[in-house]
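Here is the structure we will look at.
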Amino acid sequence: FGIIQHTTDGGASWTTQGTPLADTQGGNAIFSLYFVDANNGWLTGDYGKICRYTGTTGVEENDNIPIEFSLSQNYPNPFNPSTKIQYSISNQQNVTLKVYNILGKEVATLVNDEKPAGTYEVFFNGSNLSSGVYFYKLQSGSFVETRKLTLLK
């Protein structure tokens, strides 16, 4: 009911940790928990709330979690020799971000990893490629988006 209990002694004693999920109308269910290690985790609850747990600060509501998937246009574009690509994922997913040439051949894999919800920036260095038009594609679960980038040397 909107609380988390944690232990530091293998379960001999438990400490109750309140959460910002408590609601006077009773909406306080926790739907999922994900911990990356013993001191850092995420939980989701009623009304779309997403909270972050850290062993040092407890549970705090996180308003910086994206509510949808997105792939931003790289900057700068055109670029020489490097550019920044930003993307957001709204829940933990396996994420792939790849760059393709105009013929559809993969020329780089920038991300291929499980990522928690958040906004990420990736730098792409095209110094080993020739000038031209390339495409970058983000895949995360059922979300797929492709954008164009231009390398000018």
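If you count, for each residue, the other Cβ atoms within 10 Å and average over each peptide, how do 33-40, 67-74 line up from highest to lowest?
Numbers: 33-40: 11.2, 67-74: 15.6.
The densest-packed peptide leads the list: 67-74, 33-40.
So for the pair Ser13, Lys153, with labels modelled 7 Å out along Cα→Cβ, what separation do we get in nm?
According to this spin-label approximation, the distance is 6.6 nm.
Every number here is computed from the coordinates shown, using simple stated rules; none is lab data. Keep in mind that what you see is a predicted model, and the values were worked out from it rather than measured. So basically every Cβ, Gly included, is an ideal-geometry build from the backbone, and we count neighbours across all protein chains shown.
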